[in-house]
Structure formats: structure tokens, C-alpha cells
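Step one of this worksheet: look at the structure below.
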Amino acid sequence: MCDYTPTPSQKKPVIDRVEATTDTLTSRGGLALFVRYLDRIGLETPVGQWFGPLRRSAKGLGVWATFVQVCCFFLDGTSRHLVHFDRLKRDAGYAAVLETTPERLLSSHAVKRFFQAFGWGRIFLFRRLLQRLFLWRLNLAQPAVVILGLDTMVLDNDEALQRVGVEPTYKKVKGFQPLQVTWERFVVDAVFRSGSRHSNHGNTAAKTLRHLVAAIRTHYRAGVPIVVRMDSGFFDQKLFAVLEELGVGYIGGGKMYDDLQAYARRLDRGAWTPDRDGRHEWAYFELGNRRQSWAAFRRAIFCRLVADATGQKRLDFARPDTVIYTNLGRGEVLDERLRRAGRADLLAAAGVVAEYHRRGGDELVHRALKEFAAEELPFRQFRPNAAYYYTLLTAFFLYETFKEDVCGAVVPLTAYPTTLRRTVLDVAAKIVRHAGAIILKVTEPVLHHLHFLSLWARSGAPPRLA
């Protein structure tokens with residue numbers, strides 16, 4: 001067989017050399033959608049009112065412009081180091097996407113000064129901002145029942161050098177352990193704490209829930225049923241008493257004491273009720289339980305895993321047991337509110353067990369947050385790290401609303417940050433000036449595959465923050 005020799009017209013094109021271009025190009029064209037979205041939702045007013053005094057000189061960048069650039073840094077996710085701002089400052093295409101000039105881009109030193117300028121009074125205002133964003137989404141969604149998740153999240157800073165507040169945690173690493181309240185995909189309130197602060201340390205959880213419940217009933221609906229899910233780290237009669245006083249339902253894990261296990265062993269098989277949660281098989285029984293220091297009995301459900309997700313049956317000695325405490329289904333006013341809201345299933349034992357197992361959804365919020373930004377915080381002092389953490393939470397909240405309000409047609413709501421970054425943000429674009437207008441140009445496949453014109457229209461008309 002003779003060798004095939006292609007004609008010159010059939011040869012593939014070969015790159016002969018590399019040259020610089022003066023065109024304004026960027027690989028993050030989708031960030032323009034996020035910047036446009038932030039500009040339209042009406043967040044500039046509360047940010048300016050609450051954090052405006054941080055600007056000490058008229059020569060520097062305004063607080064809102066700084067806030068937008070920091071949120072874009074988190075959403076971009078290219079680097080977890082603040083020195084990345086110095087590289088971005090030399091990128092004219094990145095500046096054009098953010099609708100500014102390279103001279104007005106932040107440097108790493110400017111970002112550090114911004115976070116170090118926060119006092120504790122200003123840092124506390126981040127919690128008000130998160131609650132305001134939460135109430136905004138609550139009034140848009142109009143849920144019949146508000147189900148909150150209460151948990152802590154460990155930020156692994158084991159390799160960080162000399163961070164104030166980095167202490168041993170229950171996960172065998174040193175870091176921070178903030179208390180966080182979640183609703184659906186959002187972190188709606190948080191308390192930044194050192195690593196040794198356990199779940200129910202002090203009265204932090206009770207105070208946080210008091211403020212949040214008052215905000216929901218004042219700015220959403222006074223009679224809305226509220227239910228809090230929590231694990232055994234919050235097993236405390238004082239916290240239960242606070243929620244009962246507020247008329248709030250709770251579904252919480254309890255500690256497995258010897259007397260409960262002995263009582264379960266004495267029960268006949270007929271006393272156990274079988275149940276199936278997806279691919280898992282469970283068995284449970286109800287009882288009234290009062291611990292030694294408690295003043296009253298509380299409803300408890302003893303739950304045992306019979307078969308795991310693979311269908312493998314568990315022997316008695318290998319079955320993990322759980323005890324769940326709740327104030328639902330006791331004939332109180334909250335029960336009637338749940339019935340009127342169409343959630344009478346929460347009053348039955350099977351509904352309580354199923355809702356407790358949905359706590360896994362709260363863990364997915366923490367997983368998405370850790371994928372959104374690095375766990376290691378950049379400062380040595382506790383105060384600027386707290387400001388950085390709350391800015392991160394605010395940016396994460398806005399990422400979730402952006403995904404829902406703008407990108408819902410091309411990215412599922414359950415998608416993690418990396419999926420949105422690769423699908424929507426990492427878009428090659430060219431910014432040109434023509435006839436007095438600034439135009440963002442993308443390729444034809446991107447324009448049609450992502451329905452980019454539709455995304456552009458949705459980012460310009462989002463629901464506004466009331």
C-alpha cells in the first residue's frame with residue numbers, strides 16, 4: 001500500500017506563532033450576568049446604609065463596589081487566596097465584565113484593609129442582612145410551613161498558622177465551628193464561633209432562634225407554623241422549653257441512654273412499626289420519656305435501622321439506634337396550624353421519622369458552601385475572619401438566588417457551585433464599543449445552547465429586595 005500524500009488544500013491548519021492581541025477578551029463572560037443581577041435586585045441600599053461608614057476616604061472605592069467585587073471573587077472560585085485580586089487587577093477583560101476599569105479593581109491590600117476595618121457592631125449587621133435576604137425569599141416562595149435546620153459546620157483550618165479561634169473540633173481537626181440555621185438551600189443566620197464551641201454552647205442557639213422566629217412572624221406571617229430540625233448535639237431541655245414557649249415545633253435527636261436501650265430490648269417484635277424511607281428500612285416505637293432532671297414527659301420515638309440502602313439486612317447488634325424527641329402531635333395549637341397548612345403528616349410518628357431523616361438535606365447545604373469557597377480563612381485575627389465568613393455567607397446566598405432567578409432554565413437548583421461555574425460563568429466573551437454602546441459578544445453555540453439572551457433578560461429583571 002502506497003503512502004497517502006495530501007494536497008496543500010487538504011492539510012490541516014497549523015499554528016505558526018503566538019502574538020498578543022489588543023482586543024478586550026475574557027474567559028468569565030457569565031460573570032456579567034451576576035453583576036447585572038446584583039445591580040438590579042436592590043441590595044445596594046441596605047449595604048450602603050449599614051456598611052457605608054467603613055469607607056474612610058472619598059478617594060477609595062465605595063463599599064458597594066467593593067462588595068460586588070468580593071462576591072464575584074467568591075462566585076468565580078478560581079483561587080482561594082486574596083493575592084488573586086492582584087492578578088485580576090491586570091486583566092482588562094475581567095474589569096470590563098464587572099463593568100468597571102482596571103484602575104478601579106481591588107488589590108489584595110485593599111481587600112485586606114476592607115475586612116480589617118470591620119468592628120463587631122458592623123459584623124453583627126451581616127446577620128441582619130442575611131435575615132433580610134431570607135425574608136425576601138420567604139415572601140417570594142410563600143411556604144405553608146417554614147422548616148428550619150439547626151446545626152454546626154466545621155471549617156477545617158488545621159494547616160493554617162496561628163489563627164485566633166482555631167481550636168480542636170469534634171471532627172478531630174482544628175478550626176472554627178459556626179452555628180448555622182438553614183432553610184431549603186440557604187444559610188439564613190449564623191454565629192461565627194471558635195472550634196471548641198460545641199453545638200449547644202451557652203444560650204446561642206436559643207437566642208438565635210428567638211430572633212429568627214420573631215422576624216418570620218413579623219415580616220412574613222404571624223400564624224405560620226415553624227418547625228426546627230436538629231441533631232443530638234442540641235439535646236437540651238432548656239432549648240426544648242424555649243421552642244415550646246415560642247409555639248415552635250422541634251424534631252431533634254436525643255442521646256441513647258442505657259435505660260432506653262434496655263426498654264427497647266424488652267419489647268416484643270409486634271410493638272415495632274415497620275417503615276421504609278427510600279431504600280432504607282426502619283422500625284420504630286413511640287414512648288413518653290422524661291430524663292432525670294426534666295420537669296415533664298416529652299414525646300419520643302425510638303428508631304432502628306433494619307436494612308441499609310443496598311437492601312442488606314442488619315443483625316441486632318449491628319443496627320444503629322436513634323431516639324427522636326418532638327413536641328408535634330400533642331394536641332397543641334401548633335398541631336391545628338399544621339393541619340390547616342396541609343402538613344398533618346408531621347403529627348404522625350412516621351412523618352416525624354421521615355422529617356428527621358431529611359436532615360441530610362441540611363448537610364448538603366454545608367457541602368455546597370464548602371465547595372463555594374475554601375474552608376481556610378485568610379486572617380490571623382478573629383474579627384476580620386468573622387467579617388470574611390459573613391461576607392462569604394452573603395455571597396453564597398446571592399449565588400443561590402442567582403441560580404434560581406436567572407439560571408434555572410440551564411442549571412438545576414440542586415446543582416453545586418462547580419456545575420454553575422463550568423456551565424454559565426466559564427464562557428469566552430469579547431467586549432467591544434460600537435456606536436456609543438458597550439457590547440458583550442459570545443460565540444453562536446453559547447448564545448443558542450445557554451439561551452444567553454434569555455439569561456441576559458432575566459438577570460436584568462429579577463425580583464427586587466423589598
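Label reach from Ser27 (point 7 Å along Cα→C-beta): in region 415-451, amide nitrogens under 13 Å belong to 422, 426-429. Sites listed here are trypsin sites (Lys or Arg not before Pro) in region 123-171 whose DSSP assignment is loop and whose Cβ has at most 15 other Cβ atoms within 10 Å: Lys171.
The charge dipole of region 63-142, taken about its Cα centre with unit charges on the Cβ of Lys, Arg, Asp and Glu (plus for the first two, minus for the last two), comes to roughly 380 debye.
Sequence-distant contacts, meaning Cα pairs under 8 Å at least 6 residues apart, place the relative contact order of region 53-140 at 25 percent.
Mind ordering 51-62, 174-185, 377-388 by average Cβ neighbours within 10 Å, highest first?
On the way: 51-62: 13.1, 174-185: 22.4, 377-388: 19.7.
Peptide ranking by packing, descending: 174-185, 377-388, 51-62.
Overall size of the chain from C-alpha positions, given as principal axis extents largest first: 86, 77, 47 Å. Tell me which of Pro274, Gly247, Tyr257 sits at the most positive position along the dipole axis of the chain, charges placed on C-beta atoms (Lys, Arg +1; Asp, Glu -1). Projecting each Cα onto the dipole axis, the largest value belongs to Gly247.
Calculate how many DSSP beta bridges within region 127-247 are antiparallel, expressed in % of all such bridges and rounded to the nearest 5. Working shown, then result.
Working: 14 of 19 bridges.
The antiparallel proportion sits near 75 percent.
For the cross-link pairs Lys112/Lys441; Lys112/Lys370; Lys403/Lys430; Lys89/Lys370; Lys59/Lys207; Lys12/Lys441, which exceed 30 Å when the distance is taken from alpha carbon to alpha carbon?
Pairs exceeding the cut-off: Lys112/Lys441; Lys59/Lys207.
Sorting 282-293, 33-44 by their mean Cβ neighbour count within 10 Å, with the most densely packed peptide first, gives 33-44, 282-293. At the listed q of 0.10, 0.17, 0.19, 0.23 Å⁻¹, the Debye profile of region 359-466, built from one uniform point per Cα, gives log10 I(q)/I(0) equal to -0.41, -0.96, -1.08, -1.27.
Helical content alone sets the calculated 222 nm signal of the chain at -12000 deg cm²/dmol, taking -39,500 (n - 2.57) per DSSP H segment of four or more residues and averaging over every residue.
In terms of its Cα atoms, region 152-273 spans 57, 41, 26 Å along the principal axes, sorted from long to short.
We did not get these values from a lab; they are worked out from the coordinates using the rules stated. The structure displayed is predicted, hence computed values, not measured ones. Counting neighbours? That spans all protein chains shown, and the Cβs are built from the backbone with ideal geometry, glycine included.
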